[in-house]
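Report on the following structure.
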Amino acid sequence: MEDLKCKATFVVLLQLWAFTLGQVRGENASVIYATQHQIAILDTAQSKVTVLQNKLNSVQALAVDYEGRRMFWTESGGTVQSAVFMAKFDVAMATKKTVAMFGLKNPSGLAFDPRQKNLYISDSALPAILACRTQAPPLTPSSARGPAFGPVPNQSASSVGGVFDLSMDFVCVDVYNAPILQRPMDLALDHTNGYLYWIDLGQTPQIVRGQADGIIDGQLSGRGFKSQKPSALVSTRLMRPCSLSLDIPSQTLFWLDSGLDVIESIGLDGRNRKVIHSTENQRPSALVVVGDRILWAIGRPPSIRQTDLQRNGVEVRKVHGLEDDVTAMAALQQSIDTVPRSNACLSKPCTRLCLLGHNGSSVCACPDGHILSDRNGKCTPNNDAPILYAAYKDEILALSLARYGTLSPHTVRTSEMRNVYALEHLPVSGGILFTSFEARQGGLGKSTIYRLSGSPNTNGPWRSTVLVDGAGTVDCLVVDELGRLIYWVNRQKEIIEVASIDGQFRSRLMAEDIKKPYAIALDTAMGVLYVSEMTGQATIESCHGDGSLCLTLVSSGLVRPNALVAMGVDLYWTDSGSGDVSSVDIYTLKVTQHAIGRHLPHSLAVSDTVLLWTELQQHPQHEKEDEEDVEDGIIFYVDLYVEGHPTGLKMPEPTKIRTGRKGTPSIVVASSRHRDLVSEHAIFNNCTVNNGGCDQLCLPGPHTVTCLCSDGFLLLPDQASCQREDGACPDFRCHDHSKCLSDGQVCDFRVDCDDGSDEMHCPEMSCDTNEFQCPSGACIPLYYLCDLEQDCEGGKDEEEQVCREAGLGESCDTEDWQCTSGMECVHRAFRCDGDQDCHDGSDELHCDRQYNVCIGHFAVTAIRIAMTAAMNYIVRGEIR
């Protein structure tokens, strides 16, 4: 019996060896190829095709991780944001994941390092060649002692001196860029020798070789070019070279030239260049070398051809006919090391990215926003990478806007985050301000301005501190950290209020020129307050910090400018009436349109190189495609500059950042540029030193200051000192004479007087078209409706009739069961299974309790497992 087992095992090993040898020789070759909109796998032995992905957008390049059963591809062009994606290749229609999107313009080539699992990406428009980590580095003795790669995604982020350490799923660094590169296209990687090859279609087409780690004279070229350039392997007799393919055993590089209609090769030592095959008038588009065979795609007629390299390409045969032109090809075979080498990165404790170089060398690299702090390969966060903060209903997300990579949100939550609306960043100290609205019994509510800060301990909790209580209906919030002031628009009162940054003093901005403010922004260095004024024809005004001496910047083309951001000499705004996202030069008054929103632009933020905004759908009933953009918490952005020109000269298609949250967030960006513009060491305004000579509130202007006193105090004749009023009550006294209140505490939906007189006879509150009015008069965003959380007193916003009138009731599929609330659908298999799946628990009501819940639940799970296993078996059977 043991002999039979040994013989059987030996036979299996022989079969595996024969199969592997056949793959090396190309006899059992499988090739992955892409057309513009589809990726498929071709079994060349049987001429059998299995579609792996479809409905794609302009695929240009492919790469394969054979051991990890993964494939990578690029999509770009049209109205879709350029990106690199990844999916399993042994499962048809596997879920695809974004490897890199942010910062890419036109990804043109891919190459995979099988030893270190790094993906190289060329971008012809940047121009740059990037290296991206596609999985966490292997644990080394030093890194095994604790977490080395930053916070775990979807966990609370930590702060070090006000700077977030935000690791991305796929960490990317630039290995080569300009002036070394002009227009890099296809890539090929010799992982055994540590060399990277690429086609550069600059002024003179070339095939270039450089070290895979980007080292030039001891430095990463992407981090500081010194003198030496990578060498050109081929620089003559090239017209339109494309589709590099490297055969490691023979140390030969292959390519096709669609301009010369030839397939050529050259030794990696730069010798023995020769023509393999002429493809005259056939429109060759892609090639790949698999063992002893070379396969290529042609467009006339669309097909894949192959030849045996040992016969010098004499015999050519058609492998498979096609309907569409092939854009990229990749071999599906085990990588081959001609000279076995140890992985130098395994002994190097790089916390972010390790790049293998020539002759077994390696180097640690850090993404944008981090610096290599020591020789042990540790990357520590610095202040360079901008951070985008997005405030949703009960949480704030932080996303690193590093130069390249994916955007992985990290969540910050505190117990005070309830109906978070306005958001602002403190550029000097690194804190965050946010407003929170809390519904209260008796039909009234409470708005509060908080300061968010983190513990000095990187693993410690976040905390919220109350700065201003009873702030009214806060529409917009800005901060002057130089003058230590907070400004906000109280839309209910139609006034601008100001408070000290510690919340100790608070007053109303007495501005005669501002009648109906809607949005505000600050130039803290100049002491200028920008205001969108909604009295009559909408305008955007430039005023002194105290709201006086206003000048009109923009007076035409405005409907409802609802968000303002000042950055340098430019003032940006969104218009929820027209959908425009625009800017104006405050000196020349030239207006530039950057984008047109699909819905209602809601919030705006400006980074160093991109303009970001959110949108709110005006009508709850809309098409499904639009609903995704609203319900999924989409953040849009465009590059501020395209090919060296402002985006107004070339209107780009906005890119979407999906956060996986519902609702429309308020956003703000914290960046080094903001910090440089507002630095205590570089810039001062007139209130920075000694509070401008003011006792309490100092409001800066371009050349002077205005002092204000808090409610309950009088400004003395010296226009600087404040004195407490004796018995005077300038704003409002309760009818029972119990209290003296500030104007901001009256009609703010919060009872402050014992007799409630501060909330009597209040003017009727009017809500915007993108808001819902509660019975108390309070306005809440439309996206708060029917979200299974009560925001109005008594839960009016969650009533079934309100939801149906708003068109927000759930429409269930035939296999689903609708909850009694009408707002949720659950699968029928989850009905009466012992678990409450509907928020109202209706899926577990009126059940037959003789039904065996456990067995039923197990049966559903078993069916799912069986179906998944069967599908995988079928797909793998087709592939293999």
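Since every read-out is calculated from the coordinates, none of them should be taken as a lab result. Note that the structure is predicted; figures quoted are calculated from it, not measured. Note that we place each Cβ from the backbone using ideal geometry, even for glycine, and neighbour counts take in every protein chain shown.
With r as the distance between the Cβ atoms of E512 and L589 and R0 = 22 Å, compute the FRET efficiency 1/(1 + (r/R0)^6) and round to 0.05.
0.40
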Original post:
Most exposed first by the Cβ proxy, i.e. fewest other Cβ within 10 Å, how do L522, L604 rank?
Top reply: L604, L522
**OP:** Please order V175, V584, V316, V669 by the number of other Cβ within 10 Å, starting at the fewest.
**Re:** V316, V584, V669, V175
Subject >> Computed FRET value (nearest 0.05) for D731 with Q203, which takes r as the C-beta separation and R₀ as 60 Å >> reply: 0.25
Original post:
How much length, in nm to one decimal, is gained on full extension between A178 and T380, taken as 0.36 nm per residue of separation minus their Cα-Cα distance?
Top reply: 70.1 nm
**OP:** Extending each Cα 7 Å along its Cβ direction at I596 and D835, get the distance between those two points in nm, one decimal.
**Re:** 4.7
Subject >> Residues with amide H under 5 Å from that of L426, placed H, sequence gap 5 or more >> reply: G431, I432, L433
Subject >> Cα-based radius of gyration of the range 746-796 once divided by 2.2 N^0.38 Å, which approximates compact folds >> reply: 1.26
**OP:** Taking the Cβ of each residue in R305, R598 as the centre, tally the other Cβ atoms inside 10 Å and list the residues starting with the fewest.
**Re:** R598, R305
**OP:** Would you please give the residues with an amide H less than 5 Å from that of K662, counting only those at least 5 places away or on a separate chain, with H modeled from the backbone geometry?
**Re:** none
Original post:
Taking the alpha-carbon centroid of each part, what is the distance from the range 96-112 to the range 183-197 in angstrom?
Top reply: 16
**OP:** Report the FRET efficiency, 1/(1 + (r/R0)^6), for R804 and S555, where r is their Cβ-Cβ distance and R0 is 35 Å, rounded to 0.05.
**Re:** 0.25
Original post:
Once the piece of chain linking L716 and R300 is laid out straight, how much longer is it, given 0.36 nm per residue of separation minus the C-alpha distance between them?
Top reply: 140.8 nm
